[in-house]
Amino acid sequence: MSQIFARGSSGSSWALSPSEMLFKAADRTSRRTRSTGRRRLVLISGLAMLGIAILFIVGAPLFVSQSPIAIDVLHPLSPPLTAGHLLGTDQYGRDVLARILYGGRIDLAIAFGATSVTLVFGTIVGLVAGYFGGWVDNLLMRIVDLFFAFPFLVLIIAIIAMLGPNLLNMFIAIWITSWVSYARIMRAQTIVAKKQQYVLAARALGYSRLRVMFRHILPNTASAVIVFSMVDAIGNIILAASLGFLGLGVQPPTPEWGTMISDGQNYILSSWWIATLPGLAIVFVGVAFSLIGDGLADILRPGDR
Amino acid sequence: MADPLLTVSDLRTYLGTRHGVVRAVDGVSLIVNQAEVLGVVGESGCGKTVTCRTIMGLMPRKGTFSSGQVVFHPRGEGNLLDASSREWQRLHGAQLAMIFQDPMTALNPVRTIGDQLTEAVTAHARMSREQAHERAIGLLVRVGIPAPQQRMKDYPFQFSGGMLQRALIAIALASEPKLLLADEPTTSLDVIIQDQILSLLLELQRDTGMSMILVSHDLAVITEVCDRIVVMYGGQIVEEGDTATIISAPRHPYTKALLEALPQGGERGQLRSIPGSPPSLIDPPGGCRFAARCPLVTDECRSWDTELLSTDGVGHRSRCLRHAVLQTQIGRPEAWAQETGQADLA
Amino acid sequence: MSRFGTLPRRLVHLVVILFGITLVVFFLLRLIPGDPALAILGSSYTHQRATAIDDSLGLNKPIWTQYGLFMDHLFHGNLGYSYFYNEPATTVIVAHLAPTVFLVIYAAVLAAVISLPIGFLAGVHRGGVLDQASRVFFTVSFAMPAFWLGIILLLVFSVHLDIFPISGFGTGVAGHLYYLFLPALTIALGFSTVLIRSLRAATIATLQAEFVDTAKMKGIGYTKVLRRHVFRVAVLAVVAVYGVNLAYLISGTVLVENVFSLPGLGQLLVNSVSNRDYPVVQGVALLFAVLIVVINLLTDIVQASLDPRVGQEIGE
């Protein structure tokens, strides 16, 4: 039950009246719920983590002198903290740290490249479907439903199976399949937004439908898809790594986190670091995106009390 | 037969929200006697609902801060605000019950009415399934729901608003409470149904001898059913007394304005609404909280540390410094018009 | 008024989707650059076999006839011939069915067992230790690739602690339960993240509903209120999420079967891709898609039976 204070108010020798004491207690709680500091902290930590990751990965040559594909027959399977190899070497003597940093380029490229395209395309489709309704909506949503009927990974594997495993085909496969989530979200948002005052007003003023869609509805509803894109980015990184793990991504000797984990699987009993460390890299970047997503969600939609 | 059932003394409920401290209830004292119907009237946001919920112990734990005394006499002289959850479990339903404004949201949408009703019936009494079922049907009949056998198997969305409110009343009365709090029970219903529900409540109250606190923003509803009235404004009580006196001789400008806002039978004329809006409960103004909208306001009112003053009637109190002015104005509209500068009242 | 009144409409919708799936799968094969017959036969290429394939697939005929032939074969259970296994594709696929089905069901049950209590309690005791801890835990695990998590679990529990076997399917139901625990757990953990978040949010929202106050007001005690009213309503939100994310489960099997060397459909799919065994790839993709459609249908039915309002709303 709620906090209880002095009974009755007569003959009180307190410096503060009961009502003032009550107020102070309520005020403390009120201030606590208002503190936005923690929310921003989440967003900033996420951005910081991502920044660090990008810095090390893109600027890899600045941090490691070894080449990621240089084979060193004399030092295979060296554990971390061996001289010259901070994170050890794999079965071919290649430096693990270098491979992680250079390998990250592929996964990050997918995270940004694949996500941004699907974000834009899916958002537009959703906007159009939601706004125009009718047969346009029906047709587009049937197509979306169709894609949702397939297990994601299976469809992508099937596409890559047909096209051949390489980096470009990974992008293509993801572009073909990932836009549907954005379309669904954006359509739902648009349908709700369509009925709002500001849209009715804009149309009444004679603005073209295109203009209303992109300059009125879109800015007001974009927050949902932007937050989702963070989640999607994590998904795409994991997807890229999964394909690499299954041997359906980039081919050796190009380093990539997924393929490294797959390689390391065979040596799991003796040299755990080959498979484990790239996974930590994935988790690190994933958590970064997650924090950014949470932070953005809090800021763009302050709903939680 | 003034035998108090519930005594509330200086009740305050402050809510710690992200917008600041909301003084929802700011020093409310009232008494409900046995077999009496007390009306609580006021605009939205005046604190009537929070008062009821505080009395019933239904305010959320986090962020709610209450002080004062709430004594439910059958339980003893202890403060209800201090009651433990275990105590509340014994009190809820069997001693105190409450019905809410919107019956659609006040009932669980995915369980049958029968389920929810028998749950209430068996909350405080042991009986077999068949007995509970029989009692539940009996209750449905009592509140005037036709075809009760069939209705027991129905879900809330299959009922009309009026029928659902009757079911809610049945649930509230299942364990024969001594005090029923009804928070705007008719507000979301059609006018015709409103009357039916009010009659039902009155009938049930007379039959069982329980007491009722009826909350509404509609003075017409209150005056139909209540023995005594309490008028709330800005988290405080501004006038209290028995119904007949308050209707015929209001002693607070707000009450008078509420009475005048009621459409007069058969008369055509201007709709007299009260200009302005209720004060913010986060930062209430000092002095009289009605000052900004009061036609009788003086400078003294704005700096007055308000309290309920006795007036000419027995048990009739008003939180107005100038209540005596109202005393002299009743029946002399020209004088009232002169005093307040309103030329159209005559 | 029947509770399932609008179900017929859903069924029609379903059939349309199924047709769409067959279309997609049909076109998948034709995505391959070059001659499909050559691609299918690979090293088993002989002119005779190529001609036979051309005939059965109708590669010389217009595309609609080809589709017709495809659908005709499909209805007769003929998914093509796997030259890699030297058996009809259907036979190969059926042989790999059991482990995957078992794994999916096992993971689905584990996910429910994990997420329902945690999600609900996190919502009830919002801001409490369980809530904060589970949020941190699941933010991190969400970023973990399923296969990596599987490897870590394998490393810890099978290799170092030797509690669970490293690979294989086991014999008999008990054996399956034992052997499949780690792989099912791997998938379940990933799935649970979403479920817990969902249930937590639903619980918090439901707690603010007025019918919860009515329930409290009856005097039945807070525990019963939570169990019979809050949980019952909040869990409905999760059923929908469960269904939508089931695709995750299916995808998860592909990866996890690889890590734990389970002879299931996922393993089959990946190997067949490497082996250029296109009929099998096609068949597995089709089967997975149909499986998802069926699961979605089941989810709808479960939802309709738990929530009487849904029967009215289906067909928005």
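Mean residue ellipticity at 222 nm from the helices of chain A, using -39,500 (n - 2.57) per DSSP H segment of n ≥ 4 over the full residue count, to the nearest 500 deg cm²/dmol? Walk me through the intermediate numbers first.
Details: 11 runs with 209 residues, N = 305.
Estimated from H runs of four or more residues: -23500 deg cm²/dmol.
What percentage of all Cα-Cα pairs in the protein assembly as shown are separated by more than 37 Å? Walk me through the numbers on the way to the answer.
On the way: 282445 of 467061 pairs.
The calculated P(r) of the protein assembly as shown puts 60 percent of pairs beyond 37 Å.
Grab the DSSP H runs of chain B that are 4 residues or longer, score each as -39,500 (n - 2.57), total them, divide by all residues and round the 222 nm result to the nearest 500 deg cm²/dmol. Kindly include the intermediate steps, with their values, before the conclusion.
Values: 14 runs with 120 residues, N = 346.
Mean residue ellipticity at 222 nm (helix-derived): -9500 deg cm²/dmol.
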Exercise. Among A:ASP95, A:ASP107, A:ASP72, whose mean-square fluctuation peaks in a Gaussian network model of chain A (Cα, cutoff 10 Å)?
Worked result: A:ASP72
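Checking understanding here: applying a Kyte-Doolittle mean of at least 1.6 and a length along the axis of at least 27 Å (C-alpha), which whole DSSP H helices in chain C pass? Write out the running numbers ahead of the final one.
Values: long enough: C:7-29 (34 Å, 2.18); C:97-124 (41 Å, 2.25); C:181-207 (35 Å, 1.47); C:278-306 (42 Å, 1.90).
Once both thresholds are applied, what remains is C:7-29, C:97-124, C:278-306.
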For this session: Mind pulling the per residue volume of the convex hull built on the Cα atoms of chain B? Å³ is fine.
Result: 151 Å³
Exercise. Among B:LEU214, B:PRO177, B:LEU258, which residue has its Cα positioned farthest towards the positive end of the charge dipole of the range B:172-275, with +1 placed on the Cβ of Lys and Arg, -1 on the Cβ of Asp and Glu, and the dipole taken about the Cα centre?
Worked result: B:LEU258
Seminar exercise, completed: Applied in sequence order to the range A:197-208, the curve 6.51 cos²θ - 1.76 cosθ + 1.60 (Karplus, θ = phi - 60°) yields integer Hz couplings, x standing for Gly and Pro, of 4, 5, 6, 4, 5, 4, 5, 4, 6, x, 5, 5
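Across peptide B:154-167, what mean number of C-beta atoms from other chains lies inside 10 Å of a residue's C-beta?
Values: counts 1, 4, 3, 3, 3, 0, 0, 0, 0, 0, 0, 0, 0, 0.
Average per residue, whole number: 1.
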Exercise. Which links in B:LYS153/C:LYS216; B:LYS48/C:LYS216; A:LYS24/B:LYS256; B:LYS62/C:LYS224 stretch past 26 Å when you go from one Cα to the other?
Worked result: A:LYS24/B:LYS256
Seminar exercise, completed: So B:ALA292 and B:VAL141, fully extended at 0.36 nm per residue minus their Cα-Cα distance, gain in nm 49.4 nm
Exercise. Between the helical axis of A:167-194 and the dominant principal axis of chain A, each derived from Cα atoms, what acute angle in degrees is found, rounded to the nearest 10?
Worked result: 10 degrees
Problem set entry | Volume per residue that the Cα convex hull of chain C spans, once the total is divided by residue count, Å³ | 176 Å³
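With n ≥ 4 as the cut-off for DSSP H runs, can you work out [θ] at 222 nm for chain C, using -39500 (n - 2.57) per run divided by the number of residues, rounded to the nearest 500? Show your work: numbers first, answer last.
On the way: 17 runs with 227 residues, N = 316.
Computed ellipticity for chain C at 222 nm equals -23000 deg cm²/dmol.
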For this session: Would you work out which of C:VAL194, C:VAL233, C:ASN258 lies farthest towards the positive end of the dipole of the range C:165-266? Charges go on Cβ: Lys and Arg +1, Asp and Glu -1.
Result: C:VAL233
For this session: Assign unit charges at the C-beta atoms only (+1 for Lys and Arg, -1 for Asp and Glu), then state the dipole size of chain B relative to its Cα centre in Debye, rounded to the nearest 20.
Result: 900 debye
For this session: Considering the options A:ASN166, A:VAL199, A:VAL96, tell which one lies farthest towards the positive end of the dipole of chain A, charges being +1 on Lys and Arg and -1 on Asp and Glu at the Cβ, about the Cα centre.
Result: A:VAL199
For this session: Give the order of C:MET217, A:MET49, B:MET56 when sorted by the count of other beta carbons within 10 angstrom, beginning with the fewest.
Result: A:MET49, B:MET56, C:MET217
For this session: With the cut-off at 37 Å, report for chain A the share of all Cα pairs above it, as a whole percent.
Result: 37 percent
Exercise. Build a GNM of chain C with springs between Cα atoms under 10 Å: which of C:LEU185, C:LEU269, C:LEU14 gets the top mean-square fluctuation?
Worked result: C:LEU14
Exercise. Between B:GLU239 and residues 5 or more places away or on another chain, which pairs have amide H atoms under 5 Å apart, with H built 1.01 Å from N, and which residues are they?
Worked result: B:VAL231, B:ARG319
Problem set entry | In degrees, nearest ten, helix A:273-300 long axis to first principal axis of chain A (Cα) | 20 degrees
Problem set entry | Amide H contacts under 5 Å for C:GLU87, placed H, 5+ residues apart | C:SER82
Seminar exercise, completed: For peptide C:245-251, the mean count of other chain Cβ atoms within 10 Å per residue Cβ is 4
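Suppose R0 equals 30 Å; then what is the FRET efficiency for B:ARG61 and A:ALA188 from their Cβ-Cβ distance, rounded to the nearest 0.05? Let's see the in-between values first.
Numbers: r = 34 Å, r/R0 = 1.15.
Calculated transfer efficiency: 0.30.
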For this session: Step through the residues of the range A:212-229 one at a time and calculate ³J(HN,Hα) from phi using the Karplus curve (6.51 cos²θ - 1.76 cosθ + 1.60, θ = phi - 60°), rounding each to whole Hz and writing x for Gly and Pro.
Result: 4, 4, 8, 9, 10, 5, 3, x, 7, 10, 4, 4, 4, 6, 5, 4, 5, 5
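Within 10 Å of each Cβ in peptide B:99-109, how many partner chain Cβ atoms are there on average? Round it to a whole number, please. Let's see the in-between values first.
Details: counts 2, 5, 1, 1, 3, 2, 5, 8, 6, 11, 8.
So the per-residue partner count for this stretch is 5.
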Problem set entry | Nearest-20 debye value, the protein assembly as shown charge dipole, Cβ charges on Lys, Arg, Asp, Glu | 560 debye
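Using Cβ counts within 10 Å as a stand-in for footprinting exposure, how do B:VAL37, C:VAL94, C:VAL136 rank, fewest first? Write out the running numbers ahead of the final one.
On the way: B:VAL37 24, C:VAL94 14, C:VAL136 11.
Ascending Cβ contact count within 10 Å gives the list C:VAL136, C:VAL94, B:VAL37.
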Exercise. In the Gaussian network model of chain B, springs joining C-alpha atoms below 10 Å, which of B:ALA35, B:ALA167, B:ALA106 carries the largest mean-square fluctuation?
Worked result: B:ALA106
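By counting other Cβ atoms within 10 Å of each Cβ, how are B:CYS320, B:CYS294 ranked from fewest to most? Please report the intermediate quantities before stating the final value.
Numbers: B:CYS320 28, B:CYS294 21.
Final ranking by Cβ density, sparse to dense: B:CYS294, B:CYS320.
The numbers here are math on the coordinates, done by the rules we state, and not lab data. Keep in mind the model is a prediction, meaning the values are calculated, not measured. Please note: Cβ atoms are built from the backbone with ideal geometry, for glycine as well, and neighbour counts cover all protein chains shown.
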